[in-house]
Amino acid sequence: MSTYFETVQKSFADVPVTEEGVDTLQFLEATQGLIGIFDLLGSAAFSVVKNDMNGNVKKIRDRYEQNPSANSTLEKLVDGEKGEKKKTATEGLLWLLRGLKFTQTALQRSQANKAEELNTSFQGAYDVTLKQHHSFVVRPVFSLAMKACPYRADFYAKLGPPTSNVDEELVKWNSALGEIIARMEAFYAKGNYAKGM
């Protein structure tokens, strides 16, 4: 039986990162694989997170498809939009990165604390990633989603059988995603792209 990571089209560990930046199309493919994890969590409460992430992927993909060579990396895409005084994909990418960081932090925390239930891992991740960007209206929606997390054992069973290398795959995936997020956060900070978003 295969693991969840063997069913996704692209792993973050396989996304090319060069001096020019993070490959846009392959980053989006890997992101689709991560968004699929919310289906494994099995709660309709996570549809808010999933829909938000999918909406942001669409904004980035639409921009990419306008001119694939000019938007071949995430960095070029953001710079190109700035030159046109636009920010649809730039804002979409910023919010997507925030959602990815939330998920990555939750999974990392879950792996580091084998006795911790998922709701605690996801709530802890929310508190240090997304909460500061959300209004008091949005926060309860996310709190509800955290409470609806499945039991840890059930979730990990969906990622793959106990004899598989799920832990190893998750570490590799999470580590590569963390590097991409850190790189893009530094890029946004250096260019002051996140101002007012």
> Which residues, taken from the stretch 11-25, are out of contact with any Asp or Glu (no Cβ under 7 Å at 6 or more places or on another chain) and either of a type in the set (S, T, N, Q) or under 23 Å from Val166 (Cβ atoms) (or both)?
Replying inline: Ser11, Phe12, Ala13, Asp14, Thr18, Thr24
>> Just to be sure I understand the filter: pairs with C-beta atoms under 7 Å, separated by 6 or more residues or on different chains, first member in the stretch 34-61 and at negative phi, second member among the β-branched types (Val, Ile, Thr) and open to solvent by 50 Å² or more (accessible area, probe 1.4 Å). Which pairs pass?
In response: Val48/Val141; Lys59/Thr88
>> Name the single residue that is farthest from the chain's Cα centre (by Cα) among those in the stretch 1-58 being within 19 Å of Phe187 (Cα to Cα), open to solvent by 50 Å² or more (accessible area, probe 1.4 Å) and of a type in the set (Val, Ile, Thr).
In response: Thr18
>> Checking the condition of a type in the set (Ser, Thr, Tyr) and touching a residue at least 40 places away in the same chain (Cβ under 8 Å), which residue from Thr129, Thr103 passes?
In response: Thr103
>> Being open to solvent by less than 10 Å² (accessible area, probe 1.4 Å) and among the charged types (D, E, K, R) narrows it down to one residue among Glu81, Glu116; which is it?
In response: Glu81
> Going by the conditions given, is Gln111 over 14 Å from Met184 (Cβ atoms), in contact (Cβ under 8 Å) with a residue 40 or more places away in the chain and over 14 Å from the mean Cα position of the chain (by Cα)?
Replying inline: yes
> When you go through (1) at pLDDT 90 or above; (2) in contact with a His (Cβ under 8 Å, 6 or more places away or on another chain) one by one for Phe142, which number turns out not to apply?
Replying inline: (1)
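The values are calculated or read from the model by the stated rules, or taken from the named source; none is laboratory data. Owing to the predicted nature of the structure, the values given are computational and were not obtained by experimental measurement. When we count neighbours, we look across all protein chains shown, and the Cβ atoms used for this are built from the backbone with ideal geometry, even at glycine. Protein only, heavy atoms only, side chains kept; ligands, DNA and RNA dropped before computing areas. Shrake-Rupley method; radii C 1.70, N 1.55, O 1.52, S 1.80 Å.
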